[in-house]
Ligand SMILES: *Cc1c(COP(=O)(O)O)cnc(C)c1O
């Protein structure tokens, strides 16, 4: 039986029975650590970081950097890995910043995003020497100027620009259109207006411009359209106001495979194409190409992750539907409920059985929408105690997890060099009541 297992770190044991992840037997890991369980392949994460860095160095003659958008998966160990790999990071809250700080991540390499940074957030970030604020709105810019003046510093910022590109992906994850809640639109004049305001501020240093247009992008097209609009704007601001953009962050959004039908992203080729386009465009506009940042989140960690569950019951309603209930659900994977996100699933302890029963895999929450995936194929004799694996769960799973129904969140077990270790321990029922005042 040959199946598309989506990523090179997924395979099957020699006897054909068990699903392997990063070369390790998932059924053994499920027995050792319990389920539900998040697995993360550390070697894959490191390889993804290196692939990005190699690609951008080649495409931009070294004048480029890669930031990991850490909202995709945020826990101490991941920031240590990012530091070791020489990556920058995006953070979107005091919580992410604090986690990075506690992991020893250098704050000078951190970029603080968010469309609503409170005064307390801004003060915390400056207190800890954040490298850059990515300014989303005017109120924030004034608050940064005030706080920086009070501290007698000059704070580096990027301005978040909305280039007006619709990436034709899910509405909920499209952020580059003019009606987006994020950033300053070029079309409406808001982008130029904020640039002038920021230029007039003595305690703000505009290091450059930022934009981020989409998600699950598999080819260069969206980035070329974005670069075209942004570089044109950069050239205009130079001509009209003498403003030189030193750094241009073109965002993240590169695609990963959730299904065999998803294309394989040619990362190196895609970034090379973006590089060629930008160099040509900058030359045509008569500007020096700024330093370029990419900030992928999903594509650094998604296929480095897998979730394991244990089946509790199978409910067959003849002529209607077959339900397979697992011991996790929307608390550890909200993405089907949120975006009807697709997934590939296997019975990890019976890879050699035909996966021929159409079923809907559901969680254990008191919510009909608590669905991991409808209409998937699993073996018809699947039952209590069997292990189900959901692939490509490294991004936006643990970071979106909740305690609905007072379920405890799964641990994160890292797989590296043929060994495994706990990076985030399993939550306990005592953790759940830890905040309840006596
Ligand atoms: C979420 C986000 C990213 C990362 O997007 P991915 O699709 O995970 O690569 C990058 N930049 C910004 C501003 C974001 O909000």
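The values are calculated or read from the model by the stated rules, or taken from the named source; none is laboratory data. Values in this document were obtained by computation on a predicted structure and should not be read as measured data. Here the Cβ positions follow ideal geometry from the backbone for every residue, glycine too, while neighbour counts run over all protein chains shown.
Would you pick out the residues in segment 222-278 that are within 16 Å of the ligand (Cβ to nearest atom) and part of a helix (DSSP H, G or I)?
Taking segment 222-278 and keeping what is within 16 Å of the ligand (Cβ to nearest atom), we get 222-223, 226-227, 230, 247-258, 262-263, 265, 267, 270-271, 274.
Within segment 222-278, 222, 223, 226, 227, 230, 267, 270, 271, 274 qualify.
Does residue 219 satisfy the criteria of being within 16 Å of the ligand (Cβ to nearest atom) and surrounded by fewer than 17 Cβ atoms within 10 Å (Cβ to Cβ)?
yes
From (1) surrounded by fewer than 18 Cβ atoms within 10 Å (Cβ to Cβ); (2) free of Cβ contacts under 8 Å to residues at least 60 places away in the same chain, pick out the condition that doesn't hold for residue 345.
In the conditions (1) surrounded by fewer than 18 Cβ atoms within 10 Å (Cβ to Cβ); (2) free of Cβ contacts under 8 Å to residues at least 60 places away in the same chain, residue 345 misses (1) alone.
Out of the residues in segment 279-297 that are surrounded by fewer than 23 Cβ atoms within 10 Å (Cβ to Cβ) and under 23 Å from the mean Cα position of the chain (by Cα), state the one that is farthest from the ligand (Cβ to nearest atom).
291
Among strands (runs of 3 or more DSSP E) lying entirely in segment 72-191, which contain 3 or more residues that are farther than 30 Å from residue 41 by Cα and within 16 Å of the ligand (Cβ to nearest atom)?
Values: elements: 88-91, 110-112, 132-135, 155-162.
Result: 132-135, 155-162.
Checking residue 319 against (1) away from the ligand (no atom under 16 Å from the Cβ); (2) in contact (Cβ under 8 Å) with a residue 24 or more places away in the chain; (3) in a loop (DSSP other than H, G, I, E, B), which test does it fail?
That leaves (2) as the condition not met.
Okay, residues lined up against (1) assigned by TED's automatic domain parsing to the domain that holds residue 371; (2) closer than 27 Å to residue 132 by Cα:
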{"site": "229", "(1), (2)": "no, yes"}
{"site": "239", "(1), (2)": "no, yes"}
{"site": "249", "(1), (2)": "no, yes"}
{"site": "269", "(1), (2)": "no, no"}
{"site": "281", "(1), (2)": "no, yes"}
{"site": "288", "(1), (2)": "no, yes"}
{"site": "291", "(1), (2)": "no, yes"}
{"site": "307", "(1), (2)": "yes, no"}
{"site": "312", "(1), (2)": "yes, no"}
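Residue 353 versus (1) more than 22 Å from residue 2 (Cα to Cα); (2) in a loop (DSSP other than H, G, I, E, B): which is the lone unmet condition?
Against the list (1) more than 22 Å from residue 2 (Cα to Cα); (2) in a loop (DSSP other than H, G, I, E, B), residue 353 comes up short only on (1).
Exactly one of these conditions fails for residue 413: (1) over 24 Å from residue 337 (Cβ atoms); (2) outside any loop (DSSP other than H, G, I, E, B); (3) out of contact with any strand residue (DSSP E or B) (no Cβ under 8 Å at 6 or more places or on another chain). Give me its number.
(3)
Does segment 394-414 include one or more residues that are without any contact (Cβ under 8 Å) to a residue 60 or more places away in the chain and more than 16 Å from residue 333 (Cα to Cα)? First the steps, then the outcome.
As a first pass, look at segment 394-414 and keep what is without any contact (Cβ under 8 Å) to a residue 60 or more places away in the chain: 406, 408.
So of that shortlist, the ones also more than 16 Å from residue 333 (Cα to Cα) come out as none.
No, segment 394-414 has no match at all.
Residue 51 - would you say it is touching a residue at least 40 places away in the same chain (Cβ under 8 Å), away from the ligand (no atom under 16 Å from the Cβ) and surrounded by fewer than 20 Cβ atoms within 10 Å (Cβ to Cβ)?
Working: touching a residue at least 40 places away in the same chain (Cβ under 8 Å): yes; away from the ligand (no atom under 16 Å from the Cβ): no; surrounded by fewer than 20 Cβ atoms within 10 Å (Cβ to Cβ): yes.
So residue 51 does not fit the description; no.
Scan segment 54-71 residue by residue and report those that are within 15 Å of the ligand (Cβ to nearest atom) and in contact with a strand residue (DSSP E or B) (Cβ under 8 Å, 6 or more places away or on another chain). Steps first, please.
Going residue by residue through segment 54-71, those that are within 15 Å of the ligand (Cβ to nearest atom) are 55-56, 65-71.
56, 65, 66, 67, 68, 69, 70, 71, listed by residue number.
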